[in-house]
1. May I ask you to list the residues in the stretch 141-173 that are open to solvent by 10 Å² or more (accessible area, probe 1.4 Å) and under 21 Å from GLU246 (Cα atoms)?
2. Quick check: anything in the stretch 106-125 polar (S, T, N, Q) and farther than 24 Å from GLY43 by Cβ?
3. Need at least 3 residues that are modelled with pLDDT of 75 or more per element, so show me which helices (runs of 4 or more DSSP H) inside the stretch 143-253 make the cut, counting only ones lying wholly within it.
4. Within the stretch 272-287, is there a residue that is within 27 Å of SER94 (Cα to Cα), in a helix (DSSP H, G or I) and of a type in the set (Phe, Trp, Tyr)?
5. Yes or no: ILE76 modelled with pLDDT under 95, in a helix (DSSP H, G or I) and either surrounded by 24 or more Cβ atoms within 10 Å (Cβ to Cβ) or not assigned by the TED database to the domain that holds CYS39 (or both)?
6. When you scan the stretch 40-57, how many residues do you find that are surrounded by fewer than 21 Cβ atoms within 10 Å (Cβ to Cβ) and assigned to a helix (DSSP H, G or I)?
7. Restricted to the stretch 294-325, and to residues that are part of a helix (DSSP H, G or I) and small (Gly, Ala, Ser), which residue is most open to solvent (accessible area, probe 1.4 Å)?
8. Of (1) surrounded by fewer than 20 Cβ atoms within 10 Å (Cβ to Cβ); (2) within 18 Å of the chain's Cα centre (by Cα); (3) not in a loop (DSSP other than H, G, I, E, B), PRO64 satisfies all except one. Which?
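The values are calculated or read from the model by the stated rules, or taken from the named source; none is laboratory data. As the structure is a prediction and not an experimental result, all values here were calculated from the model. Here Cβ is always computed from backbone atoms with ideal geometry, including for glycine, and neighbour counts include all displayed protein chains. Ligands, DNA and RNA are stripped out before the accessible areas are found, and what is left, the full protein with its side chains, is counted by its heavy atoms. Shrake-Rupley method; radii C 1.70, N 1.55, O 1.52, S 1.80 Å.
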Amino acid sequence: MSVFGTEEVELIKESLVDEAIDALFEKRFATLLHQCLNCIKKGSSKEISLASRTIGLLALTVGPGVHAQEILKESITPLSQAFNSGSESSKIISLLNCSAVITFVGASGPEEIEKSMQIMWQIIHPKLGSNVIAIKPSAPIITTAVSSWSFLLTTMDGWRPSPKLWQESITYLSSLLYNDDRSMRIAAGEALSLIFEMESLGKFVAETKGYIDSSALEGNKTKDRFSHIQGLKGKILNQARDLSMEAGGKGSSKKDLNNQRNMFRDVLEFLEYGYPPETTMKIGGVALQTLTWSQLIQLNFLKRFLGGGFAKRMQESEFLQDVFGFTPKRRNLVGHDHISSTEKRMYKSPNSVVNKARTQQLNKQRMLSEGRNIGHFAICVGYEDS
């Protein structure tokens, strides 16, 4: 009877502790999110930038699920409104990165992803009457918007937009390959390569051709659209070839030039022969590989967003590990040498799993020796661990 009672008390106690921890996390999570959202609504440009980054990091920390969905639901409107509260590049770039990350983690369906992509596209290619950024955006803003749009497009496999929408997207992205800004050209090249990889352009051509064959109502307008798209691939190939061999001009960065050449060599090889670039980077002695344009775009975006914290996140975040199919090396935990902060909490902290188990065992032994009733056990255990 005493053993049975002890187990019941331990079960109730652990359940109450878990509930208390969950409640504390919920409170801190909600408080941090709403403080950041208040900064986005009322803060300076610098405060908006910092709050946006914090919300993005919060989404990556909690991972997919109800909390990430709440972040997206609560944040998307304030973020959209903040695009109109000024045109400072650093602020807009932070808002774009945040929108991309919280959508990537928290979106529960393609409709939410498409909504965020539409906001980004209005910044890439603003139109009269658009509610996002009333003035012409700078080159860094457009570059970030294209990268963010591509990042979300990687999650939209099987997306079937209208032929008219694809024509607008492909045509405008193709025009950015001729822009004077090298970073913008690279971002546009990656986006177009992703579209080809997803076979969206091929599907678009086939659907448009089928529409021409089956409908006499559109007439010459639809035929012109088909001819226009058919000619795009040749133009993209020619420009990719030129950019892969571009000579450096006065004042140009050698590193940026090499990045452009290498990237467009990859674009050219992919468009001509169908081979996407393959990359490998080591994290904690383990190789993280990308084999597709989609994976490469995701990797590059998250590396830019997380900066020096990327490797640590990859080693600790199950969500990011699932995204890239990455399995970190297990550390030797016996001697507790060179272990992470998470592992220190697990093994060394007074509240760690190991120490809690040891405490529970000692409590059980005390209770068995005292032979008291269940109610008295509950009081003793609660008192000793408080």
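1. The answer is THR143, and nothing else.
2. yes
3. In the stretch 143-253, the matching helices (runs of 4 or more DSSP H) lie at 163-176, 182-197, 220-244.
4. No, because not a single residue in the stretch 272-287 is within 27 Å of SER94 (Cα to Cα), in a helix (DSSP H, G or I) and of a type in the set (Phe, Trp, Tyr).
5. no
6. Result for the stretch 40-57: 9.
7. GLY308
8. Result: PRO64 fails condition (3) only.
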